[in-house]
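Note sheet for the following structure.
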Amino acid sequence: MSKVVLLAINAKYVHSALSVWVLAGGVYRYAHMPHDVNIAEATIHHPNIEIADKVAAYQPDIIGVSTYIWNAKKLPALLKLLRERLPDVIIVLGGPEASHNAKHWLSCGADFVLPGEGEYTFPALLDALAAVEKCNKDQLKKRYEAQALSHTTSDKNQNTVSLPEALRGNEFEAEKPYEPIDPYTDAYFAALGGRIAYLETSRGCPFQCAFCLSAGSSVKYIPIETAKEQIYKLSRAQSQTIKLVDRTFNCNKDRAYELFEYIIELNTTRCFHFEVAADLFDTRLLELLKTAPAGRIQLEAGIQSYYEPTQKAAIRQMDIEKAEQNLRELLLGRNIHIHVDLIAGLPYETLPEFQNSFDRAYSIGAHTLQLGFLKLLHGSELRRQAGALGIQYSKEPPYEIKSSPWLAAEDIQTLKQAENALQHTHNKSRFLSALEYVLSVSGLRPFALYEAIGRAAPNHGTDLVDYAEQIYNFCNTLPGVDDKVLKDRMLCDWLSMVKGKNTPSFLKKQNNGHKQVAIAAKKRLGHTISRAEAAVLNSGTGVFVDSENRDPVTGLYRIYYTSDDENTDYNHQGIIQTRL
């Protein structure tokens with residue numbers, strides 16, 4: 001019996017691994033010989049020596065590692081260390097990063113790189129290795145390396161290497177239907193704890209996006225009743241967030257409707273996150289989503305670019321006007337967190353054109369607007385075209401764009417400044433009311449404002465109080481901005497976004513009105529509040545926060561005013577409507 005360790009290296013502790021549990025399930029289902037499979041998880045922040053110690057403690061015969069752009073930079077040194085600690089161990093790599101760059105990983109110390117669906121190929125490899133003596137294993141490895149290193153570069157999948165015939169049983173030669181493994185065992189949940197859980201209900205994507213590894217792959221769906229069973233299991237787990245890894249969850253409208261309906265009707269407080277094509281929602285599905293309990297569903301929709309030549313170059317198939325209309329319709333319901341993606345650096349989109357894309361996407365009013373940067377992934381169409389297009393990119397993971405004929409290096413720096421401000425304000429629901437006010441009076445477009453904040457107040461681990469003051473000082477220099485209104489807006493924002501932290505001194509109004517505010521708060525809320533949960537505005541109006549009432553969609557705490565007995569009105573984004 002071979003001893004196997006499946007190693008997952010996540011980007012953050014809060015993330016969990018799905019692939020290693022699927023692989024383990026594949027071994028138990030498809031392997032013909034017994035294998036002792038163990039799971040080890042770490043993060044990219046763990047020292048390599050700690051990871052090597054954890055793996056070596058099992059004294060494995062075989063180590064399987066899932067590779068992705070977030071852990072690829074760390075792996076070569078770790079593989080070397082594992083080889084030093086365990087000289088006879090066989091190292092097998094899989095996952096998108098290794099599958100599309102097999103030659104490199106074989107040169108880094110891997111014995112085998114398995115492309116494709118590992119729950120089928122990995123058990124076959126384990127059986128083949130268990131069936132031969134050590135000398136034959138060495139010969140098998142040499143044969144495999146020879147095949148990899150002689151693989152033609154004219155093939156579309158030039159860096160992938162097929163599983164050698166010696167390692168394949170007949171059942172693995174033909175494409176198999178998607179027979180899902182249920183990874184959600186007792187051992188999985190014991191290891192998961194309260195981290196983010198991941199779920200795959202379909203595999204592949206019908207669209208052709210040139211920057212994506214899933215482009216044009218056929219879509220395989222797990223049986224819908226199986227999907228529901230797995231969703232139910234995760235809804236009872238400790239994880240607050242369950243992310244579906246389906247590339248386009250709603251590419252099959254009827255199936256998406258049935259699964260959304262099932263999730264909406266569940267008796268759970270868990271949040272389910274989906275990647276969707278926003279233009280594919282029809283009226284029936286929109287009406288269903290409006291019935292979801294607040295915070296039950298998050299939707300992430302890729303716009304990527306509004307510039308038509310860029311859409312064509314990236315092979316984007318989307319009715320953008322329909323997508324915008326659907327997203328705005330969903331935002332009106334105030335029950336679903338909406339996340340919109342843009343990609344900077346795609347072909348033909350210059351800085352001014354990207355600014356237009358940003359401003360238009362921002363106008364949708366999504367809770368999160370992700371400004372991402374083009375990554376030239378191994379196996380993607382754009383990576384194959386990068387040389388001809390003149391795109392320069394980092395040769396190390398995550399292979400991010402450095403410049404192109406349409407974006408100079410200094411343009412990318414400008415975009416980075418805007419992204420920094422956007423990420424630390426809008427995308428974290430910080431200072432939303434204040435920034436809305438500044439945009440309304442300064443005449444600045446959204447991109448111009450965020451880029452200017454990024455230059456004036458770059459945040460690289462800045463303390464929140466200091467960051468707030470930097471933003472206040474900058475915004476107070478803009479045309480049309482009234483200092484008192486800006487202060488009051490930022491003060492209300494502070495109360496709504498921070499729990500238990502004293503209001504920064506530069507925002508406080510020096511008077512003795514807090515006692516009256518506290519009395520009003522106790523009458524309204526039925527309990528005493530702390531001094532940090534109340535303030536007096538420049539207008540003389542008292543304001544206080546219900547720190548026990550957090551909006552499940554925006555994450556903001558509910559604000560009240562002493563001037564009336566009505567609950568503050570919020571727009572879909574959680575921004576306080578003008579009442580100051």
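The values are calculated or read from the model by the stated rules, or taken from the named source; none is laboratory data. Computed from a predicted structure; not experimentally measured. Glycine gets a Cβ as well: all are built from the backbone with ideal geometry, and neighbour counts include every protein chain shown.
Which of the residues spanning the range 372-408 are farther than 28 Å from Y362 by Cα, of a type in the set (G, A, S) and surrounded by fewer than 16 Cβ atoms within 10 Å (Cβ to Cβ)?
G387, A388, G390, S394
Which of the residues that make up the range 409-424 are surrounded by fewer than 19 Cβ atoms within 10 Å (Cβ to Cβ) and among the small types (G, A, S)?
The one that is surrounded by fewer than 19 Cβ atoms within 10 Å (Cβ to Cβ) and among the small types (G, A, S): A409.
Looking only at the range 269-284, count every residue that is over 22 Å from T241 (Cβ atoms), surrounded by fewer than 19 Cβ atoms within 10 Å (Cβ to Cβ) and not charged (D, E, K, R) and tell me the total.
Looking only at that region, the number is 1.
Show the residue pairs meeting these rules: Cβ distance below 7 Å; 6+ apart or different chains; first residue within the range 444-462 and touching a residue at least 40 places away in the same chain (Cβ under 8 Å) and closer than 16 Å to L369 by Cα; second residue of a type outside the set (F, W, Y) and surrounded by fewer than 16 Cβ atoms within 10 Å (Cβ to Cβ).
R445/D359; P446/D359; F447/D359
Could you grab me the full set of residues in the range 538-580 that are part of a loop (DSSP other than H, G, I, E, B) and either at pLDDT 90 or above or hydroxyl-bearing (S, T, Y) (or both)? If you could, list the steps in order and put the result at the bottom.
Narrowing the range 538-580 to residues part of a loop (DSSP other than H, G, I, E, B): 538-541, 551-556, 562-569, 571-575, 577-580.
Of everything in the range 538-580, those that are part of a loop (DSSP other than H, G, I, E, B) and either at pLDDT 90 or above or hydroxyl-bearing (S, T, Y) (or both) turn out to be S539, T541, D551, P552, V553, T554, G555, L556, T562, S563, T568, T578.
Identify, please: which residue in the range 348-397 is touching a Phe, Trp or Tyr at 6+ places or on another chain (Cβ under 7 Å) and in a loop (DSSP other than H, G, I, E, B) and is, among those, nearest to I69 (Cα to Cα)?
Among them, the one singled out is L377.
How many residues does the range 422-445 contain that are closer than 24 Å to K484 by Cβ and assigned to a helix (DSSP H, G or I)?
At the first step, the residues of the range 422-445 found to be closer than 24 Å to K484 by Cβ are 425-426, 429-444.
Cutting the leftovers down to assigned to a helix (DSSP H, G or I) gives us 426, 432-442.
Number of matching residues: 12.
Filter the range 109-118 down to the residues that are surrounded by fewer than 24 Cβ atoms within 10 Å (Cβ to Cβ), within 21 Å of L213 (Cα to Cα) and not small (G, A, S) and list them by number.
Those that are surrounded by fewer than 24 Cβ atoms within 10 Å (Cβ to Cβ), within 21 Å of L213 (Cα to Cα) and not small (G, A, S): P115, E117.
Taking T350 as meeting all but one of (1) surrounded by fewer than 17 Cβ atoms within 10 Å (Cβ to Cβ); (2) out of contact with any strand residue (DSSP E or B) (no Cβ under 9 Å at 6 or more places or on another chain); (3) free of Cβ contacts under 8 Å to residues at least 60 places away in the same chain, write down the number of the exception.
(3)
Which residue is nearest to R195 (Cα to Cα), if the candidates are limited to the range 236-247 and must be crowded, with 17+ Cβ neighbours inside 10 Å and in contact with a helix residue (DSSP H, G or I) (Cβ under 8 Å, 6 or more places away or on another chain)?
So the first thing to find is which residues in the range 236-247 are crowded, with 17+ Cβ neighbours inside 10 Å, and the list is 237, 239, 242-244, 246-247.
Now narrow it down to the ones that are in contact with a helix residue (DSSP H, G or I) (Cβ under 8 Å, 6 or more places away or on another chain): 237, 239, 242.
Values: A237: 10, S239: 5, I242: 9 Å.
Ranking the candidates gives S239 first.
Residues L299, L331: which one is over 29 Å from G216 (Cβ atoms) and buried (at least 20 other Cβ atoms within 10 Å of the Cβ)?
Details: L299 fails: over 29 Å from G216 (Cβ atoms).
So the residue among L299, L331 that is over 29 Å from G216 (Cβ atoms) and buried (at least 20 other Cβ atoms within 10 Å of the Cβ) is L331.
Farther than 30 Å from T67 by Cα and touching a strand residue (DSSP E or B) at 6+ places or on another chain (Cβ under 7 Å), is that true of S433?
Values: farther than 30 Å from T67 by Cα: yes; touching a strand residue (DSSP E or B) at 6+ places or on another chain (Cβ under 7 Å): yes.
Considered against the rule, which asks whether it is farther than 30 Å from T67 by Cα and touching a strand residue (DSSP E or B) at 6+ places or on another chain (Cβ under 7 Å), S433 comes out as yes.
Restricting to the range 239-256, give me the number of residues that are part of a loop (DSSP other than H, G, I, E, B), of a type in the set (A, V, I, L, M, F, W, C) and within 14 Å of the chain's Cα centre (by Cα).
First pass over the range 239-256, keeping only residues part of a loop (DSSP other than H, G, I, E, B): 239-240, 245-252.
Filter once more, keeping what is of a type in the set (A, V, I, L, M, F, W, C): 245, 249, 251.
Still in the running and within 14 Å of the chain's Cα centre (by Cα): 245.
The number of residues fulfilling the criteria is 1.
Which of the residues that make up the range 450-486 are within 25 Å of the chain's Cα centre (by Cα) and among the aliphatic types (A, V, I, L, M)?
I453, L464
Checking K176 against (1) part of a loop (DSSP other than H, G, I, E, B); (2) among the charged types (D, E, K, R); (3) at pLDDT 50 or above, only one condition comes out false. Which one?
For K176, the failing item is (3).
Quick one: which helices (runs of 4 or more DSSP H) sit completely within the range 3-94 and have at least 2 residues that are within 24 Å of the chain's Cα centre (by Cα) and either outside the structural domain of A131 (by TED's automatic domain parsing) or surrounded by 14 or more Cβ atoms within 10 Å (Cβ to Cβ) (or both)?
Numbers: elements: 19-30, 48-56, 75-85.
Output list reads 19-30.
Restricted to the range 353-364, and to residues that are touching a residue at least 60 places away in the same chain (Cβ under 8 Å) and crowded, with 17+ Cβ neighbours inside 10 Å, which residue is nearest to N427 (Cα to Cα)?
Within the range 353-364, the subset touching a residue at least 60 places away in the same chain (Cβ under 8 Å) is 354-355, 358-359, 362-363.
Checking which are crowded, with 17+ Cβ neighbours inside 10 Å leaves us with 354-355, 358, 362.
Details: F354: 19, Q355: 18, F358: 14, Y362: 11 Å.
Looking at the filtered set, the residue picked out is Y362.
Taking the range 514-529 as the region of interest, how many residues are outside any helix (DSSP H, G or I) and out of contact with any Ser or Thr (no Cβ under 9 Å at 6 or more places or on another chain)?
Taking the range 514-529 and keeping what is outside any helix (DSSP H, G or I), we get 526-529.
Those still in the list that are out of contact with any Ser or Thr (no Cβ under 9 Å at 6 or more places or on another chain) too: 526-528.
So the answer is 3.
Can you find a residue that is in a strand (DSSP E or B) and modelled with pLDDT of 95 or more anywhere in the range 290-298? Step through it out loud before you land on a result.
Of the residues in the range 290-298, the ones in a strand (DSSP E or B) are 297-298.
With modelled with pLDDT of 95 or more added as a condition, the list becomes 297-298.
Yes - at least one qualifying residue is present in the range 290-298.
With respect to R316, determine if the residue is over 25 Å from L449 (Cβ atoms), surrounded by fewer than 23 Cβ atoms within 10 Å (Cβ to Cβ) and either touching a helix residue (DSSP H, G or I) at 6+ places or on another chain (Cβ under 7 Å) or of a type in the set (D, E, K, R) (or both). Give the steps one after another, and end with the answer.
Details: over 25 Å from L449 (Cβ atoms): yes; surrounded by fewer than 23 Cβ atoms within 10 Å (Cβ to Cβ): yes; either touching a helix residue (DSSP H, G or I) at 6+ places or on another chain (Cβ under 7 Å) or of a type in the set (D, E, K, R) (or both): yes.
Considered against the rule, which asks whether it is over 25 Å from L449 (Cβ atoms), surrounded by fewer than 23 Cβ atoms within 10 Å (Cβ to Cβ) and either touching a helix residue (DSSP H, G or I) at 6+ places or on another chain (Cβ under 7 Å) or of a type in the set (D, E, K, R) (or both), R316 comes out as yes.
So which of S239, S214 is under 26 Å from S380 (Cα atoms) and not assigned by TED's automatic domain parsing to the domain that holds G95? Full working, then the answer.
On the way: S239 fails: under 26 Å from S380 (Cα atoms).
Checking each option against the conditions leaves just S214.
Assess whether I471 counts as being assigned to a helix (DSSP H, G or I), of a type in the set (A, V, I, L, M) and crowded, with 17+ Cβ neighbours inside 10 Å.
On the way: assigned to a helix (DSSP H, G or I): yes; of a type in the set (A, V, I, L, M): yes; crowded, with 17+ Cβ neighbours inside 10 Å: yes.
Spelling it out, I471 is indeed assigned to a helix (DSSP H, G or I), of a type in the set (A, V, I, L, M) and crowded, with 17+ Cβ neighbours inside 10 Å.
If L286 satisfies all but one of (1) under 17 Å from the mean Cα position of the chain (by Cα); (2) closer than 14 Å to L327 by Cα, what's the number of the condition it fails?
In the conditions (1) under 17 Å from the mean Cα position of the chain (by Cα); (2) closer than 14 Å to L327 by Cα, L286 misses (1) alone.
So S305 fits all but one of (1) closer than 30 Å to G193 by Cβ; (2) surrounded by 22 or more Cβ atoms within 10 Å (Cβ to Cβ); what number is the exception?
(1)
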